[in-house]
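K.L.:
Would you mind keeping the following structure in view while I ask a few things?
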Amino acid sequence: MKKGTKITLWSTIALVLLIWFAGPRLGLWGNRDLKKKAGDTVVQAPGQESGGRQGERPGRQQGQTRGSQQGQTPGGQQGQTRGSQQGQSQQPGSQGQLPVTGIIAKPSFLTNGIRSAGSLLANEEVDIVSKVSGKVTAVYFREGSKVKKGDLLVKIYDEDLQAQLRRSEIQEKMLAEKLGRQRVLLSRDAVSREAFDQLQTDYNVILADINLLKVRIAETEVRAPFDGVIGFRFVSEGAYVTPQVKIAHLIDQSYLKLEFAISEKYVSENLMGKRISFETQGYREEFFATVYAVDYRIDQSTRTIGLRARFDNRAGKLVPGMFASLTLITDEKMNALQVPTEAIVPEMNEKKIWVARNGRAELVPVVAGARTASSIEITSGLSAGDTVLTTGLMHLRQNMAVRVNITD
C-alpha cells in the first residue's frame with residue numbers, strides 16, 4: 001500500500017471517531033439523550049407501576065388521604081359549602097321559581113255606557129265691576145278668599161253724594177213742617193187748595209231726590225252678588241275705575257256643571273237624569289254627576305247633542321276648567337271581575353290569562369267583556385279569588401313554578 005493512501009485512511013478513521021464522540025454534544029444528530037431517556041422511562045413504567053405504586057399505596061397514599069381528608073374537611077370543605085350556599089341563595093330563581101307579580105281577582109263595580117269628554121264649569125261666575133266711575137277708597141276682600149252674598153268688596157269715593165243727601169234731608173224736614181201747617185190752614189179755608197197742592201208736590205220731589213241719592217251712594221259700594229270664592233284683585237286703593245274696569249272674578253264652585261256632547265244617534269234616548277261617571281287629572285278616584293239639561297239642537301259642524309250634568313262639589317276637590325273623561329252610564333254591574341289590560345294574552349281568535357294555582361302557572365282561556373282605560377271585564381274562565389299574573393308573561397310556560405308577589 002502506498003504511503004499516501006495509508007495517511008488518508010488513518011485521517012479518515014480519526015475524523016469519523018471525532019465526529020462520533022463530539023456529534024451528540026454539538027447537536028449534529030438531535031437530542032438523542034432525551035429520546036433515550038424517554039425510551040427508558042417507557043420501558044421502566046411497568047416495573048415502577050407494579051413495584052413503586054404497590055409499595056406506596058399502603059403507606060404513602062393512605063397517609064396522604066387521611067391527612068388531606070382530616071385537614072380539608074373541617075375548614076376547606078365547610079368554607080366551600082357555605083360560600084356555594086350563599087352564592088346560590090343570592091341568585092334569583094335559584095330554586096327554579098320564576099318571580100312574577102299578580103293580583104287577586106275580586107268582584108267590583110263596573111259601568112258600561114257612552115264614552116265622551118267634557119269640561120267642568122262653575123255653577124255661577126261673574127266679573128266684579130263698579131256701576132259708577134270714581135276713585136277706589138278701600139278694598140275689603142282678600143284674594144282667593146270665600147265671600148258671602150252682600151259682603152262689601154270695594155268702596156268708591158262718595159263724599160259729594162253724601163253732602164247732597166244731607167242737604168236734601170234738611171230740605172225735606174223743612175218742607176214736612178211747612179206742609180203740616182198748610183194742612184191746618186187748609187182745613188180752616190185759610191189757604192187755597194192750589195197753594196197746598198204745590199207745597200205737597202215740592203215735598204214729594206225732595207223725597208224722590210233723597211231716594212235717588214241713596215241709590216247712587218249704594219252704587220259706590222261694590223258687593224258680592226252671591227256666595228263664592230273671589231279670585232285675584234286687579235285694582236288697588238286710589239285707582240280710578242269705570243264700569244269697563246275689572247275689579248276681580250267671583251265664582252260659585254259649590255256645584256259644578258259638566259258640559260259635554262254625544263253623537264246625534266242617541267237623540268231618541270231618555271238622557272235626562274242619567275248618571276255620569278268621570279275622571280280628572282290629579283285624582284285617582286271616580287266621580288259621579290247627574291244630567292240635568294239637554295240641548296236638543298244638533299250642532300251641524302260636529303253632529304252632536306250638548307248635555308250638562310251637575311256635580312256636588314261642596315267638598316271643594318274639583319275646580320272649574322278641569323278636563324274630564326266621562327262615561328254616560330247605560331248599564332251597571334255590581335260584581336264584575338276585572339283584570340288589568342296587560343294581563344291579557346291574545347292568541348289567534350281567543351284571549352287567555354296566566355293564573356297561579358298551587359305555585360304553578362297555568363294559561364287559562366277567558367271571555368272578555370267591557371273594556372275601560374286600564375282594565376277588562378272577564379265574563380267567563382275566571383273565578384273570584386284566582387291569582388292573575390301581570391308581569392313576566394313572556395317567560396312563563398305551562399305548569400312552570402312561580403313565586404308570586406301580590407299587588408293591589
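K.L.:
Restricting to the range 133-170, count the residues that are assigned to a strand (DSSP E or B) and of a type outside the set (A, V, I, L, M).
P.N.:
So the answer is 5.
K.L.:
Can you tell me which of Glu259, Glu285 is in a strand (DSSP E or B), under 29 Å from Asn112 (Cα atoms) and outside the structural domain of Tyr157 (by TED's automatic domain parsing)?
P.N.:
Answer to the check: Glu259.
K.L.:
Moving on. Take the conditions exposed (fewer than 14 other Cβ atoms within 10 Å of the Cβ), part of a strand (DSSP E or B) and acidic (Asp, Glu) and apply them to Asp295. Does it pass?
P.N.:
Considered against the rule, which asks whether it is exposed (fewer than 14 other Cβ atoms within 10 Å of the Cβ), part of a strand (DSSP E or B) and acidic (Asp, Glu), Asp295 comes out as yes.
K.L.:
Considering only residues that are free of Cβ contacts under 8 Å to residues at least 24 places away in the same chain and either more than 29 Å from Pro107 (Cα to Cα) or surrounded by 16 or more Cβ atoms within 10 Å (Cβ to Cβ) (or both), which ones fall in the range 300-342?
P.N.:
The answer is Gln300, Ser301.
K.L.:
Scan the range 372-392 and tell me whether some residue there is assigned to a strand (DSSP E or B), under 23 Å from the mean Cα position of the chain (by Cα) and hydroxyl-bearing (Ser, Thr, Tyr).
P.N.:
Yes: the range 372-392 contains one or more residues that are assigned to a strand (DSSP E or B), under 23 Å from the mean Cα position of the chain (by Cα) and hydroxyl-bearing (Ser, Thr, Tyr).
K.L.:
Mind listing whichever residues of the range 338-356 are among the small types (Gly, Ala, Ser) and in a strand (DSSP E or B)?
P.N.:
Once the filter is applied, which keeps residues that are among the small types (Gly, Ala, Ser) and in a strand (DSSP E or B), the range 338-356 yields only Ala356.
K.L.:
Could I ask something else about it? Please state which of the following conditions Val184 fails to meet, knowing it meets all the rest: (1) aliphatic (A, V, I, L, M); (2) assigned to a strand (DSSP E or B); (3) more than 30 Å from Val129 (Cβ to Cβ).
P.N.:
(2)
K.L.:
Can you pull out the residues in the range 107-127 that are surrounded by fewer than 13 Cβ atoms within 10 Å (Cβ to Cβ) and either within 23 Å of the chain's Cα centre (by Cα) or β-branched (Val, Ile, Thr) (or both)?
P.N.:
Phe109, Arg115, Ala117
K.L.:
Considering only the range 229-256, state which residues are farther than 23 Å from Val132 by Cβ and of a type outside the set (A, V, I, L, M, F, W, C).
P.N.:
Hits for the range 229-256 are Asp252, Gln253, Ser254, Tyr255.
K.L.:
List pairs: first residue in the range 171-191 and at pLDDT below 90, second residue polar (S, T, N, Q) and not in a loop (DSSP other than H, G, I, E, B) anywhere in the structure, Cβ distance under 8 angstrom, at least six positions apart or on different chains.
P.N.:
Partner pairs satisfying both residue conditions: Val191/Gln182.
K.L.:
Return only the number of the condition from (1) surrounded by fewer than 13 Cβ atoms within 10 Å (Cβ to Cβ); (2) at pLDDT 95 or above; (3) in contact with a helix residue (DSSP H, G or I) (Cβ under 7 Å, 6 or more places away or on another chain) that Ala208 does not satisfy.
P.N.:
All conditions are met except number (3).
K.L.:
Suppose the filter is in the same structural domain as Val291 (by TED's automatic domain parsing), touching a residue at least 60 places away in the same chain (Cβ under 8 Å), more than 30 Å from Val126 (Cα to Cα) and surrounded by 13 or more Cβ atoms within 10 Å (Cβ to Cβ); does Val345 pass it?
P.N.:
So Val345 fails the test.
The values are calculated or read from the model by the stated rules, or taken from the named source; none is laboratory data. As the structure is a prediction and not an experimental result, all values here were calculated from the model. When we count neighbours, we look across all protein chains shown, and the Cβ atoms used for this are built from the backbone with ideal geometry, even at glycine.
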